[in-house]
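The numbers here are math on the coordinates, done by the rules we state, and not lab data. From a predicted model like this one, the values you see are computed outputs, not experimental measurements. Please note: Cβ atoms are built from the backbone with ideal geometry, for glycine as well, and neighbour counts cover all protein chains shown.
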Amino acid sequence: MNEAAEIKRAISQVKHDAKEERAVQRAFEDGQTAQLVGETLASCRLKILARRNAWERGWLDAEPKRET
């Protein structure tokens, strides 16, 4: 692969990674919102594992803390 093609591929990968990072962050925030409006943990419909895990972490993060 020539140098220009390699640079183009690297730039494309960075853009893809940034887009996925934003999607994961959005899933986390959506999970928090879901918890706050009373949705159950089982209500997550995301299929991509990283996004689903982020949604669940967001849901758990927003869960009211119980005093012991």
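In table form, for the structure just shown:
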quantity: Residue count for segment 49-68, restricted to those that are surrounded by 12 or more Cβ atoms within 10 Å (Cβ to Cβ) and without any contact (Cβ under 8 Å) to a residue 12 or more places away in the chain; calculated: 1
quantity: Subset of segment 49-67 [in contact with a helix residue (DSSP H, G or I) (Cβ under 8 Å, 6 or more places away or on another chain) and of a type in the set (A, V, I, L, M, F, W, C)]; calculated: ALA50, ALA54, TRP55, TRP59, LEU60, ALA62
quantity: Where LEU46 falls short, out of the listed (1) part of a helix (DSSP H, G or I); (2) within 12 Å of the chain's Cα centre (by Cα); calculated: (1)
quantity: Per-region count, segment 31-48, residues surrounded by 12 or more Cβ atoms within 10 Å (Cβ to Cβ) and either in contact (Cβ under 8 Å) with a residue 40 or more places away in the chain or closer than 13 Å to GLU63 by Cα (or both); calculated: 8
